[in-house]
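What follows is a set of notes on a single structure, which appears directly below.
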Amino acid sequence: MSKINIGGQAVLEGVMMRAPRSLAIAVRRPDGDISVKSETVIPLSERYPITKLPIVRGAVALFSSLATGIKALNFSANEALAEGEEKEEINNWAIAGTMGAAFGFGILLFFILPLYLTKLLVPVIGDSNIVFNLVDGVIRVAVFLIYIVGISRMKDIQRVFQYHGAEHKSIFTFEAGEELTVENVRKYSCLHPRCGTSFLLIVMLVSIVVFSLIPKLWPFYFKAGSRIVLLPMIAGLSYEVLRWTAKHDNHPLVKMIIAPGLALQRLTTREPDDSQIEVAIKSMQVALELNGGHKDDRLVV
């Protein structure tokens, strides 16, 4: 079991943990009890061998994580409601619509808006393709950071970030081979090199390189459309970078590379209390028990 790579996600008043062949969502209910939902997962790589290929596996991981994450948020939102409040499960079509809307909003905010703002700056920055893409990349990263800082000030999001910290601490404890107790988990860091926050930052940086290959003379709508088309490839490349850094995170050069991602996690994680750590531990224990000792290469925390 010590060699299994396990990842997770913070949800409303809880944590989802994902093992290679299972996932579990643990949520602290208003009455103090911990509600758990778990299920067995068949890896896509077993049904579709092409998803094992480099780059392809990263793009698949991105979209599957989005779908799983929204389902987990739906469950946690219902369980976290106070007693007596109406609870209603969201159907698959609603989940698909929510995922599509969230994905579309992300593309508009982090990819189309920076392109449009850079286009407006052309009279100032000149006609250089290199300068254009650098400015575009800087604006994209700036929008991303402003967004993270903005949501981090919301009270409800701060609690989610505490559960994010509990998730990371629990994973560190498991990776160290220690017993999953509150005392053991508490001593570990909230900052994990395989965090999805670091992955998003890598996406922003990789996109600067990839988008520089798009001809500057293309019309705006061609450039905008190409960014959407190229996004799966960017996600795949970013995933491979994340895998590589995770395997060599003790190397001095790699430590320098992952430092910005770890620094960004100081915004997306908070120190959890003991009750939140208990929820993360419960989620991991159920996921590992259901997983049954299988091994896989899942990397994103």
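Values quoted throughout were computed directly from the atomic coordinates according to the rules given, and no laboratory measurement underlies them. Note that the coordinates shown come from a computational prediction; the quantities given were computed from them, not determined experimentally. Neighbour counts are summed over all protein chains in view; Cβ atoms, including those assigned to glycine, are modelled from backbone coordinates with ideal geometry.
Entry note, the chain: the mean residue ellipticity at 222 nm calculated from DSSP H runs of n ≥ 4, each adding -39500 (n - 2.57), is -20000 deg cm²/dmol after division by the residues and rounding to the nearest 500.
Distance between the C-alpha centres of the range 97-122 and the range 1-71: 27 Å, rounded to the whole angstrom. For the range 171-297, the relative contact order comes to 38 percent (Cα pairs under 8 Å, sequence separation of at least 6). All other residues whose Cβ lies under 12 angstrom from that of I34 are scored, Lys and Arg at +1 and Asp and Glu at -1, for a net of -1. Once you put a point 7 Å from the Cα of A67 and another 7 Å from the Cα of L113, both along the Cβ direction, what distance in nm separates them? Here the answer is 2.8 nm between the modelled labels. Backbone geometry of the range 252-260 corresponds, through the Karplus equation with coefficients 6.51, -1.76 and 1.60 at θ = phi - 60°, to 3J(HN,Hα) couplings of x, 5, 5, 4, 5, 5, 8, 4, x Hz, x marking Gly and Pro. Each Lys or Arg adds one and each Asp or Glu takes one away; over the other residues whose Cβ falls under 15 Å from the Cβ of S207, this sums to +1. Taking the square roots of 5 times each eigenvalue of the Cα gyration tensor of the chain, largest first, gives ellipsoid semi-axes of 34, 21, 19 Å. Along the chain, the longest continuous region that contains none of the trypsin sites (Lys or Arg not before Pro) in a DSSP loop with at most 16 other C-beta atoms within 10 Å is 4-86.
Working from Cα pairs under 8 Å separated by at least six residues, relative contact order for the chain is 33 percent.
The ranking of S207, S128 by Cβ neighbour count inside 10 Å, starting from the fewest, reads S128, S207.
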